[in-house]
Amino acid sequence: MLSKKSSLLLLGPGLLFILIGFCLPALMLLLAPPGISSGQVFARLGRMLQDPYDLTIIGRTMGLGLLVTVLCLALGFPIALLLARSTSRWSGMLLALAIFPLLLSNVVRTYGWLVLLGQNGVIGQVISAMGLPAPQLLYTESAIVLGLLQLFLPLAIVSCYSAVAQVDAGLDDAARGLGASRTRVLWTVTLPLSLPGVIVAATLVFAGSTTAYTTPYLLGGSNQRMLATQLFNYSTVSIDWSAASAVAMIMTVLVFAVSAVSAAVGKKGRIS
Amino acid sequence: MTIRTVLRLPAGQPENPKMTPPRTVQPTTGRRPVLGALAIIGYMVMIVPILFVVAAAFSGGDSLQFPPESFSLKWFAAAASYKPFMTALVSSAQLAVLATVLALIIGVPAALALQRSTFAGKGWVQGLFLSPLIVPELVVGLALYQQLIAGLGTATFTALLVGHTALLIPYAVRVTGASLALADPFVEEAARGLGARPFKVFTSVTLPLLRPGIVSAALLSFVTSFNNVPLSLLLQGRTFNTLPVSMLDYVQKSYDPMIAAMSTLILAATIVFAFIAERTVGFATIFGGINK
């Protein structure tokens with residue numbers, strides 16, 4: 001154990017840095033951006049929450065975020081489960097393959113969808129080779145969902161994997177031995193026991209996909225604006241700082257609310 | 001002990017012909033068609049787009065087209081001799097190294113204090129150190145732009161360094177903290193009990209315990225900073241650009257396969273990086289700490 005004095009010495013510089021270099025600027029942006037009063041920010045926020053166009057963007061951001069979260073869990077949990085329960089010598093390789101994209105640049109990963117979905121892209125070529133009219137694939141909500149799914153699936157797998165790996169495989173065997181079907185074991189034993197990790201995964205994916213910039217920028221273009229691309233536009237193109245602060249406020253509140261809810265749910269799950 | 005060993009009848013006990021024979025339990029890792037299909041879809045979504053980027057990079061044509069007209073390495077040559085990319089590559093590397101070092105200097109002592117002491121409000125302090133993980137990066141970028149660049153007239157690089165360091169501190173605190181949590185604090189007590197001075201305890205006991213955590217945090221911080229877009233996008237200047245941001249700018253301007261070639265080079269570098277990470281500390285250590 002460290003003395004009070006030495007832990008203060010160890011924490012002090014870091015606290016100072018975080019407070020001055022991070023917390024203070026972020027609070028100023030949300031409540032009092034340069035040359036603008038907080039009254040103006042809240043007035044802008046109020047107008048934004050009544051404007052149909054802005055509401056569409058908020059709705060799209062939350063809706064796509066939710067869809068991506070559900071898809072990430074639907075694909076990520078099976079991968080985590082199969083990898084955690086596999087005895088094959090390939091499972092280590094496959095786990096590494098699932099983690100690897102976390103190290104790879106978002107721009108590189110998202111660019112792949114431009115190659116696939118673009119005007120002369122692979123999918124468009126295949127569709128027109130079949131004699132069908134080539135549909136608009138890029139700059140659609142589906143393109144954004146695919147891009148975000150690719151981006152956040154590794155994160156979902158890693159969180160689910162560490163949760164599933166902690167569940168004793170003997171419990172699965174016991175339930176099977178007592179006559180439960182595989183599906184029943186999954187829904188009544190494995191999934192409930194790994195729920196805390198699944199909740200963490202859902203939170204990370206939702207928070208990430210509602211604030212991601214690169215993907216909606218490259219795959220959604222100006223047709224399918226999301227809160228992040230809107231914030232960027234207000235802050236660098238139209239330089240409307242009260243609108244930028246209002247969007248920043250919506251994004252921050254959204255992310256904090258989801259984290260708080262997930263923390264509360266996680267705590268409740270642990271007690272019961 | 002698995003159910004198979006539980007169900008095996010004790011040795012020597014005569015088998016009762018009337019008793020139903022123990023049900024043979026199939027291992028849980030057998031064929032699972034639905035889960036398997038979902039897993040294959042998942043892997044395809046993660047991997048297939050990257051494979052097509054690589055394929056596009058070797059194209060001989062002037063636009064992204066499939067199948068490519070011809071095979072060539074010309075876009076690799078073009079990317080490697082494109083000045084903005086190479087300048088941005090150096091800038092990104094410098095920024096990532098400096099931000100990683102700063103984040104470790106701040107984060108490792110903080111992790112140590114958070115793991116090895118108790119005080120009132122510790123939860124709050126911990127939350128404060130992890131808060132850059134939660135606040136959206138674009139929000140941090142705009143906040144630093146307003147206060148540092150527009151407000152104080154700070155240089156682009158300084159503002160970027162502050163932003164990236166703040167972003168990386170949670171990783172440093174969490175990953176080193178996780179490895180420290182696994183280490184037995186009584187080892188340090190024992191060293192102290194045997195007469196080692198606090199500094200000696202730190203250098204010869206605590207630091208070696210921390211080493212895998214520090215290496216993991218450093219690797220993770222470096223890639224996180226190197227790949228960051230939102231912060232760099234809002235804080236970039238006319239003279240200073242990071243590689244991902246200059247690639248985004250290029251995508252906006254042109255539809256030719258040079259970005260595919262540059263992406264393939266980054267992919268190759270990332271694979272080398274991943275091998276080094278796996279050999280030195282292992283993926284599990286690096287990413288295990290994040291979800292603790």
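Laboratory data are not the source of any read-out in this text; all were calculated from the coordinates shown. None of the values given here were measured: they were computed from a predicted structure. Here the Cβ is made from the backbone with ideal geometry for all residues, glycine too, and neighbour counts use every protein chain on show.
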Item to complete: Take peptide B:33-41, look around each residue's Cβ out to 10 angstrom, count Cβ atoms belonging to other protein chains, and average those counts.
Response: 5
Response to the item:
Most packed first (mean Cβ within 10 Å per residue), the peptides B:57-64, A:242-249 order as A:242-249, B:57-64
Worksheet item: Using a Gaussian network for chain B with springs between C-alpha atoms less than 10 Å apart, which of these wobbles most: B:Val139, B:Val245, B:Val45?
Response: B:Val45
Discussion item. Quick check for the protein assembly as shown: number of Lys pairs with alpha-carbon distance under 16 Å, counting only pairs 8 or more apart or on different chains?
Written reply: 5
Worksheet, complete the sentence: Note to self: C-alpha centroids of the stretch A:89-151 and the stretch B:160-205 sit apart, in Å, by 41
Worksheet entry | Estimated Rh, chain B: Kirkwood, alpha-carbon pairs, angstrom | 23.3
Worksheet entry | Gain in span if fully extended, B:Gln252 to B:Thr87, counting 0.36 nm per residue against the direct Cα distance | 57.5 nm
Worksheet, complete the sentence: Partner shielding of A:236-249, as the mean number of partner chain Cβ atoms within 10 Å, equals 2
Worksheet entry | Value at 222 nm in deg cm²/dmol, rounded to 500, when DSSP H runs of n ≥ 4 in the protein assembly as shown each add -39,500 (n - 2.57) | -22000 deg cm²/dmol
Worksheet item: Dividing the Cα radius of gyration by the Kirkwood radius, what Rg/Rh value follows for chain A?
Response: 1.05
Worksheet item: Taking K and R as +1 and D and E as -1, what net charge do the other residues with C-beta under 13 Å from the C-beta of B:Gly61 add up to?
Response: -2
Worksheet item: Given the protein assembly as shown reduced to its alpha-carbon atoms as identical point scatterers, what log10 I(q)/I(0) does the Debye formula return at q = 0.09, 0.10, 0.12, 0.13 Å⁻¹?
Response: -0.75, -0.91, -1.26, -1.44
Worksheet item: By Kyte-Doolittle mean hydropathy of at least 1.6 and Cα axial length of at least 20 Å, which whole DSSP H helices of chain B are selected?
Response: B:33-57, B:258-280
Practice prompt. Taking H placed 1.01 Å from N in the peptide plane, check which residues at least 5 places from B:Ser59 or on another chain put their amide H under 5 Å from its amide H.
Written response: B:Ser72
Worksheet, complete the sentence: Checked against the positive end of the charge dipole of the protein assembly as shown (+1 on Cβ of Lys and Arg, -1 on Cβ of Asp and Glu, about the Cα centre), the farthest of B:Gly195, A:Tyr217, A:Val122 is B:Gly195
Worksheet entry | Global geometry of the stretch A:127-272, whether rounded, prolate or oblate, following the gyration tensor of its Cα atoms and the 1.5 cut on a/c | oblate
Worksheet item: Just B:Gly42, B:Gly213, B:Gly237 to compare: in a GNM of chain B, with alpha carbon springs under 10 Å, which one fluctuates most?
Response: B:Gly42
Worksheet entry | For peptides A:100-111, A:208-219, sequence by mean Cβ density within 10 Å, most packed first | A:208-219, A:100-111
Worksheet entry | Within 10 Å of each Cβ in B:174-181, the average number of Cβ atoms from other chains | 0
